[in-house]
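What follows is one structure encoded as structure tokens, with my remarks underneath.
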Amino acid sequence: MVAAPPLVMVCANLAWNLVNFRAGLIRALLADGYRVMAVAPADPAMEAKLAELGCSFAAVPIDAAGLSPWHDLRSFLALRRLIRRHRPAAWLSWTIKPNIYGSLAAVGQGVPAFPNVSGLGTAFIRRNLLTTLVKRLYRAGFRRASAVFFQNPDDRDLFTGMGLVSAAQARLLPGSGIDADHFAPQSQARPPRRRFVMLARLVADKGVREYVAAARLVRARWPDASFRLIGFLDVANRTAIAAEEVAGWVAEGVIDYLPPVDDVRPVLEEADFVVLPSYREGLSRVLLEAAALRRPIVTTDVPGCRDVVIDGVNGYLCDPRDAAALAAALERAAATDDAAWQAMASAGRSRVIDEFSQGRVSALYCDALRQAGVPRPAA
């Protein structure tokens, strides 16, 4: 009887995350001969897309933003039961609760764990008692992980400096990887000038309110400037922005709001500049997608954003949490001539191809699996 190929479990707090950010890695694991099981809260639409990729699915309860210890205990026990039942060869995870509770459950069953700290989130951006609790959970969850991936050196150095992971465990990844062919620009021409687009979850930590305040300032000087805001409303986050507040901005005429889209490429290509005034990122995927599509960027000088943008080369940087500084950067963008715009557009795409490719990310994961002794599929 021929043994089944080794199973790799991949987990995030939303199946949407696996479909939109991890599909390239899932394909690479399947191409290597592994079986892949996606683990996330139930989501029939995303489950169908994961099945199309070629992986199975297991639904588990994960309360992404909740603080209930009972809900978290339920998540941990469900993950432990699942891992015990299927005995995967490796556990790969993203987002805080799958990282912490999934890694604890995996190593407790003798399964190598490879959590990925793709962003530090509100608990680290807004320091409080929650930060202390989260640090303790990270330390416990990552203590026996085979490797812990980080998407920028600031996050890696922060975790190693606080003793949450060892230097030997910490690995650096160039984000989640971009398929430059999929994100190839349809045209080399510049869109209408001063058309700004921000695409993000509508939470305060993404700098949404600074974007709106800066739009007011810029439109006073450049009345023809337009500002689009695209993203999920009412997200599970303690800094979520209410739909009523967004409706007020639209009624004021300062921004245009659009709901999320399945394919971000057309809306990014309609932008003259893509904007993300985030307080902190792991490594912003939307900025990488924008750069791959030859769109210059305006973003903040913070971890996960400045790793993508070199000021004056493929976009402009500004101080975080500062609407006036953001407005000044947007005015630099508004005044950018066509020759400079084209140079920045080309520099951004070249940087993505050279440094942030999907193939590079998948290869680093496969190297980590081999180094940890994870069984390889038979040829």
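The values are calculated or read from the model by the stated rules, or taken from the named source; none is laboratory data. None of these values were measured; they are calculated from a predicted model. Counting neighbours? That spans all protein chains shown, and the Cβs are built from the backbone with ideal geometry, glycine included. The protein model used for the area step is the full one, side chains on, heavy atoms only, and it has no ligands, DNA or RNA in it. Shrake-Rupley method; radii C 1.70, N 1.55, O 1.52, S 1.80 Å.
The figures follow:
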read-out	value
Residue in the range 152-167 that is under 25 Å from A329 (Cα atoms) and crowded, with 19+ Cβ neighbours inside 10 Å present	yes
From V235, V250, V197, V212, residue being within 17 Å of P320 (Cα to Cα) and either outside any helix (DSSP H, G or I) or out of contact with any Cys (no Cβ under 6 Å at 6 or more places or on another chain) (or both)	V212
In the range 351-370, residue nearest to the chain's Cα centre (by Cα) [restricted to those that are of a type in the set (V, I, T) and open to solvent by less than 40 Å² (accessible area, probe 1.4 Å)]	V361
Test for A329: is it farther than 29 Å from L158 by Cα and either open to solvent by less than 10 Å² (accessible area, probe 1.4 Å) or not in a loop (DSSP other than H, G, I, E, B) (or both)	no
Check on R209, surrounded by fewer than 20 Cβ atoms within 10 Å (Cβ to Cβ), within 23 Å of A333 (Cβ to Cβ) and in contact with an Asp or Glu (Cβ under 9 Å, 6 or more places away or on another chain)	yes
Every pair of residues 6+ apart whose Cβ atoms lie under 7 Å, when the first sits in the range 161-186 and is closer than 21 Å to P296 by Cβ while the second is assigned to a strand (DSSP E or B) and of a type in the set (G, A, S)	I178/S357; A180/S357
Test: residue in the range 256-266 that is farther than 25 Å from V117 by Cα, open to solvent by less than 40 Å² (accessible area, probe 1.4 Å) and modelled with pLDDT of 95 or more	no
Any chance I297 is surrounded by fewer than 24 Cβ atoms within 10 Å (Cβ to Cβ), under 22 Å from the mean Cα position of the chain (by Cα) and at pLDDT 95 or above	no
Residue list for the range 130-151, filter: within 21 Å of A106 (Cα to Cα), in a loop (DSSP other than H, G, I, E, B) and open to solvent by less than 50 Å² (accessible area, probe 1.4 Å)	A145, S146, A147
Every residue from the range 15-42 that is open to solvent by 50 Å² or more (accessible area, probe 1.4 Å), at pLDDT 95 or above and under 26 Å from A240 (Cα atoms)	A42
